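Peer 1: Sharing a structure with you now.
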Amino acid sequence: MAQFINTREDLVTEAIDGLLAVSGGALVRLDGYPHIRVVLRGDWDKSQVALVSGGGSGHEPAHAGFVGKGMLTAAVCGDVFASPSVDAVLAGILAVTGPAGCVLIVKNYTGDRLNFGLAAERARAFGLNVNMVIIGDDVALPDLPQARGVAGTLFVHKIAGALAQGGADLETVTAAARRVISGAKSIGMSLDTCTVPGSPKEDRIPVGMAELGLGIHGEAGVEQIAFTGAKTAMQAVVDKLAAAIDERPHVALINNLGGTSALEMSVLTHELIGSSIGSRISHVVGPAPMMTSLDMQGFSISLYPADDADIQALSAPVSMAAWPGLSAVKPIRIDVLPDGLTPITPQPSNHQETRDFLVDCCKVLISAEEDLNALDAKSGDGDTGSTLAGAARALINAIDRLPLSDHTQLYRAIGQELSQTMGGSSGVLLAIFFAAAGDAASSGLPMADSLKAGLARMQEIGGADLGDRTMVDALSPALDALETGIKPAAAAARTGANRTAGMLKAKAGRAAYINAKQLEGHIDPGAEAVARLFEHLAR
């Protein structure tokens, strides 16, 4: 897979320099490229306890993104997923350690332990006071003699960093770090492995599966489970965490492993708060990418039983954009709709033939969802089928509330339902269509003329005309032919829809922003939906 890098050899140094260039002078680096890559606080004067962390790159914003007042003093960066050298770590220690001493915060991986450990010994030989703490917060593999260090590391950075910034001495900061380490518990899940620059991607996780407990370097997890959605994925994570925590209130750190969208992360947050351990989560850090694994499409949850002092430390403001801050979990507040937007409920009535007709039409749109999405992906954002199918499902759910025996009111009620349940431009245009058709029907116009009036209003407001490559290209000829029967209307709709495949310049809708080459040979999805609907009714 292509990546936005120049060369694998220059990747880390160029990334560091990009971070430094936009830090406003808050960050500096040691003059040791390419082998010594150490990011430091630009304002550091060695008067307080220094905190040094680091490890392999590829976990950004960790660790350099957390260098700043109130968190890390220095970050030592290795190659992607490779520990920095002893000399690089030693350079970082020597650059920031004064009489107050230094704490090395190290994730529990062999390379990190060895290189940071030997660097600490050499620093002590220089007469420096250096303590080292090792984080092993991963609960995925409880039988391992030493757990891996993952995103729970951020709890240590923040709490120890706040204490050091407040002037605490070396032993106090070290003891606090070890206390946090003993309480932090983490586990991750992903739908795919990560892409390591310059290496072939490992396709270990099949489609339809999720891997639970994989490491931040792409190491295999404890098991692969069937993926059916965010709820069951979060439940699998929660089950592992529940066995490792007690009943005290906890802070949850919700970490994006790099390739998960912000929208998905919010859904996962919703599922965590609503899970069996949700009542034990008093505060949340995130959701945000903090300890990533390149582009891994996954997430991790870290829990820590914070006391009042810890909450204060986690809440202490810092300037680093990478730290998303701490938020208290509160019940969701819901305000009433403003006056004028509260739905006017029509008087429901039943008419079996109309009910069957509406449900049948809705089922046609639901069955076409995937095909219409595929068409829309050629010329838009690939959601036309889902938008129409969602509206169809909403109408079926609302069928008992509709005035089925009064077609004038029914048009208006459908328009109102679509305006509330159907997103995008299609929703508002169809709402206008049905509302205007209802107005026309109330003045005594027959069905075909009422629908034409609805189309005219929709075109007036939406700006689309015949030949603009929209649903109008199928709907307008279909309504013109409807007076002669449903079969001529269906034939006209199909002809109009097929004609859009040759229209190389859309003049309305999302396709108007797409170049001609992408549109060529592809029917407009809105026009296709109209054609399928009429063809079904003509059978």
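The values are calculated or read from the model by the stated rules, or taken from the named source; none is laboratory data. Model, not experiment: these values are computed from the prediction. Cβ atoms come from the backbone with ideal geometry, glycine included; neighbour counts cover every protein chain shown. All accessible areas refer to the heavy atoms of the entire protein, side chains included, with ligands and DNA or RNA removed. Shrake-Rupley method; radii C 1.70, N 1.55, O 1.52, S 1.80 Å.
Peer 1: Cα gyration tensor of segment 90-243, axes a ≥ b ≥ c as square roots of the eigenvalues: rounded (a/c below 1.5), prolate (a/b > b/c) or oblate?
Peer 2: Numbers: a/c = 2.92, a/b = 1.91, b/c = 1.53.
Prolate, because a/c is 1.5 or more and a/b exceeds b/c.
Peer 1: Sticking with this one: Quick one: which of 393-400, 419-426, 1-8 comes out on top by average Cβ neighbours within 10 Å, and what's the full order, highest first?
Peer 2: Answer by packing, highest mean first, reads 419-426, 393-400, 1-8.
Peer 1: OK, next. I need the phi-derived Karplus couplings for segment 77-87: 6.51 cos²θ - 1.76 cosθ + 1.60, θ = phi - 60°, integer Hz, Gly and Pro marked x.
Peer 2: 10, x, 5, 4, 6, 10, 4, x, 6, 4, 5
Peer 1: Show that you can apply the helix-only estimate: for the chain, add -39,500 (n - 2.57) for every DSSP H stretch of four or more residues, divide by all residues, and state [θ] at 222 nm to the nearest 500. Write down the numbers at each step before the final one.
Peer 2: Numbers: 18 runs with 230 residues, N = 539.
So the helix-based figure for the chain works out to -13500 deg cm²/dmol.
Peer 1: Moving to a separate point now. Can you tell me, using C-alpha contacts under 8 Å and at least 6 residues apart, the relative contact order of segment 381-500 as a whole percent?
Peer 2: 16 percent
Peer 1: Follow-up question, since we're still on this one. Relative to the longest principal axis of the chain, what angle (0 to 90°, nearest 10) does the C-alpha long axis of helix 486-499 take?
Peer 2: Between helix and principal axis, roughly 40 degrees.
Peer 1: Report, in whole Å, the centroid distance computed from the Cα atoms of segment 442-505 and segment 264-304.
Peer 2: Here the two parts' Cα centres lie 48 Å apart.
Peer 1: Moving to a separate point now. For the chain, find the longest principal axis of its Cα atoms and tell me its angle to the long axis of helix 407-421, 0 to 90°, nearest 10.
Peer 2: Tilt of helix 407-421: around 10 degrees.
Peer 1: In the neighborhood of SER302, defined by Cβ-to-Cβ distances under 10 Å, what is the net charge if each Lys or Arg adds +1 and each Asp or Glu adds -1?
Peer 2: Around SER302, the charge tally is -1.
Peer 1: Ok, one more. To the nearest 0.05, how large is the calculated FRET efficiency for ARG8 and ALA328 if R₀ is 45 Å and r is the Cβ-Cβ distance? Walk me through the intermediate numbers first.
Peer 2: Numbers: r = 43 Å, r/R0 = 0.96.
Using R0 = 45 Å, I get an efficiency of 0.55.
Peer 1: To the nearest 20 Debye, how big is the dipole of segment 379-426 about its Cα centre, given +1 on the beta carbon of each Lys and Arg and -1 on that of each Asp and Glu?
Peer 2: Here segment 379-426 has a charge dipole of around 100 debye.
Peer 1: Let me ask something else about it. From the phi of every residue in segment 327-340, what ³J(HN,Hα) in whole Hz does the Karplus formula 6.51 cos²θ - 1.76 cosθ + 1.60 yield, where θ is phi - 60° and glycine or proline is x?
Peer 2: 10, 6, 7, 10, x, 5, 8, 10, 9, 5, 5, x, 4, x
Peer 1: Then there is this: Taking the dipole about the Cα centre of the chain, with the C-beta of Lys and Arg at +1 and of Asp and Glu at -1, give me whichever of HIS59, LEU482, ALA391 is farthest to the positive side.
Peer 2: Farthest along the dipole direction, towards plus: HIS59.
Peer 1: For the chain, with the dipole built from +1 on Lys and Arg beta-carbon atoms and -1 on Asp and Glu ones, taken about the Cα centre, which of LEU537, ALA368, THR354 lies farthest toward the positive end?
Peer 2: Towards the positive end, the residue furthest out is ALA368.
Peer 1: Fully extended, how many nm does the chain gain between SER47 and GLN235 (0.36 nm per residue separation, minus their Cα-Cα distance)?
Peer 2: 63.0 nm
Peer 1: Using a basic spin-label model with each label point 7 Å from the Cα along Cα→Cβ, how many nm lie between GLU370 and ALA21?
Peer 2: 4.6 nm
Peer 1: Accessible area per residue of segment 64-155 at 1.4 Å probe, in Å²?
Peer 2: Result: 33 Å² per residue.
Peer 1: Cβ neighbours within 10 Å, averaged per peptide: list 61-73, 17-29 in order, most packed at the top.
Peer 2: On the way: 61-73: 25.5, 17-29: 14.8.
Those peptides, ordered most packed to least, come out 61-73, 17-29.
Peer 1: If you don't mind, another one. If you roll a 1.4 Å probe over the chain with all protein chains in place, what percent of the accessible area is carbon or sulfur?
Peer 2: Ligands and nucleic acids excluded, carbon and sulfur give 55 percent.
Peer 1: Using alpha-carbon positions, what is the distance between the centroids of segment 401-439 and segment 158-207, in Å?
Peer 2: 52 Å
Peer 1: Could the peptides 181-188, 407-414 be put in order, highest first, of the mean number of other beta-carbon atoms found within 10 Å of their residues?
Peer 2: Ranked by mean Cβ neighbours within 10 Å, highest first: 181-188, 407-414.
Peer 1: Right, something else. Between ASP143 and SER386, what is the label-to-label distance in nm when each label sits 7 Å out along the Cα-to-Cβ direction?
Peer 2: Result: 4.0 nm between the two label points.
Peer 1: Right, something else. Using unit Cβ charges (K, R positive; D, E negative) and no other charged atoms, how large, in debye to the nearest 20, is the dipole of segment 128-227 about its Cα centre?
Peer 2: With Lys and Arg at +1 and Asp and Glu at -1, about 300 debye.
Peer 1: With every protein chain present, what is the per residue accessible area of segment 185-243 (1.4 Å probe, Å²)?
Peer 2: Heavy-atom accessible area per residue stands at 42 Å².
Peer 1: Can I ask one more? For labels at GLU264 and ALA377 in the simple 7 Å Cα→Cβ model, what's the distance in nm?
Peer 2: Placing both labels 7 Å beyond Cα along the Cβ direction yields 1.5 nm.
Peer 1: Then there's this: Quick one: angle between helix 110-125 and the longest Cα principal axis of the chain, in degrees between 0 and 90, rounded to 10, please.
Peer 2: 40 degrees
Peer 1: Next up: Which residue, chosen from ILE159, LEU212, GLY78, occupies the Cα position most advanced towards the positive end of the dipole of segment 74-221, where the dipole is computed from +1 (Lys, Arg) and -1 (Asp, Glu) charges on Cβ about the Cα centre?
Peer 2: Result: ILE159, furthest along the dipole toward the positive end.
Peer 1: Say R0 is 56 Å: what FRET efficiency, to the nearest 0.05, do ASP356 and ASP203 get from their beta-carbon distance? Present the calculation step by step, with values, prior to reporting the outcome.
Peer 2: Numbers: r = 48 Å, r/R0 = 0.85.
It comes to 0.70.
Peer 1: Summing Lys, Arg as +1 and Asp, Glu as -1, what charge do residues with Cβ under 15 Å from the Cβ of PRO346 carry, PRO346 excluded?
Peer 2: So the surrounding residues net to -1.
Peer 1: I would also like to ask the following. Using +1 on the beta carbon of Lys and Arg, -1 on that of Asp and Glu, and nothing else charged, what's the dipole of the chain about the Cα centre, debye to 20? Working shown, then result.
Peer 2: Working: 41 positive and 58 negative charges, 104 e Å.
Dipole of the chain, to the nearest 20 debye: 500 debye.
Peer 1: What's the extension gain from SER315 to HIS35 if we count 0.36 nm per residue and subtract their Cα-Cα distance?
Peer 2: This chain segment gains 97.2 nm when fully extended.
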